[in-house]
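The values are calculated or read from the model by the stated rules, or taken from the named source; none is laboratory data. These numbers were taken from a predicted model, which means no experiment stands behind them. Here the Cβ positions follow ideal geometry from the backbone for every residue, glycine too, while neighbour counts run over all protein chains shown.
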Amino acid sequence: MNLVKVYKKLYLSFGPQYWWPAESPFEVMVGAILTQNTSWLNVRKAINNLKQHKLLTARKLYKIPEKKLALLIKPAGYYNIKAKRLKAFLDFLFKHYRGEIQHMLHANIPTLRRQLLSVKGIGPETADSILLYALEKPIFVVDAYTKRMLARHNLIKEDAPYEKIQKLFMRNLKKGVKLFNEYHALLVKLGKDFCHKSKPKCDICPLK
């Protein structure tokens, strides 16, 4: 089964996923950092805390103390670590782009990706999520669900590195933000509902 067929089967089974759920590019960026090692439900609670306190802007989060930020994002788990990561990202944003998301739109993918990966606490998946979902740059996001599906269908080896998996998608799909967005969201849906780490539902999987 090739990647195009996988996409068509998943889309036919699940339909559009409307991901990433956010009201602004900055909210996507915050969510991408907060969602590390936790569920989206917990991230939503943390983001709602920031919204209720009217703090979900780059400038306001940049100014508030790290300890206060940590308490506000507590539902997301590892809140002290994530507060540091958010602060590191905000320092980057203000240092390189004067705190303005729109200034990032003019930079190319290699430059942005290199810059994001230089921020402490931001790895490839988080960086690419920011690029694709917040900045609408055509780059494929690879996560644990993606790796699991590909390995189980013998499309990659289980120990395949992130960059190799990403290139597999980038080289075999028509380059586009909408397609990369929808494909990744469909893989997340597959992973959550069928392709579980243990006790996968292979007998009723849409890719069967």
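Being in a helix (DSSP H, G or I), without any contact (Cβ under 8 Å) to a residue 60 or more places away in the chain and more than 30 Å from H96 (Cβ to Cβ) is a condition met by at least one residue of region 133-147. Taken together, K189, K120 contain a single residue that is of a type in the set (D, E, K, R), closer than 24 Å to R85 by Cα and touching a residue at least 12 places away in the same chain (Cβ under 8 Å), which is K120.
Determine, yes or no, whether L41 is over 22 Å from Y145 (Cα atoms) and either without any contact (Cβ under 8 Å) to a residue 60 or more places away in the chain or over 18 Å from the mean Cα position of the chain (by Cα) (or both). So L41 fails the test.
May I ask you to verify whether N172 is polar (S, T, N, Q), in contact (Cβ under 8 Å) with a residue 24 or more places away in the chain and more than 17 Å from I156 (Cα to Cα)? Walk me through how you get there before you give the answer.
Values: polar (S, T, N, Q): yes; in contact (Cβ under 8 Å) with a residue 24 or more places away in the chain: yes; more than 17 Å from I156 (Cα to Cα): no.
No.
Here L179 qualifies as touching a Leu at 6+ places or on another chain (Cβ under 8 Å), over 28 Å from P65 (Cβ atoms) and in contact (Cβ under 8 Å) with a residue 60 or more places away in the chain. Which count do you get for residues in region 54-95 that are assigned to a helix (DSSP H, G or I) and either surrounded by fewer than 17 Cβ atoms within 10 Å (Cβ to Cβ) or among the basic types (K, R) (or both)? Residues in region 54-95 being assigned to a helix (DSSP H, G or I) and either surrounded by fewer than 17 Cβ atoms within 10 Å (Cβ to Cβ) or among the basic types (K, R) (or both): 20 in total. Here G176 meets the list (1) closer than 21 Å to A22 by Cβ; (2) not assigned by TED's automatic domain parsing to the domain that holds L12 almost entirely, failing just condition (2). Looking for something at pLDDT below 95 and polar (S, T, N, Q) - is there at least one such residue anywhere in region 137-147? The answer is no, given that none of the residues of region 137-147 is at pLDDT below 95 and polar (S, T, N, Q).
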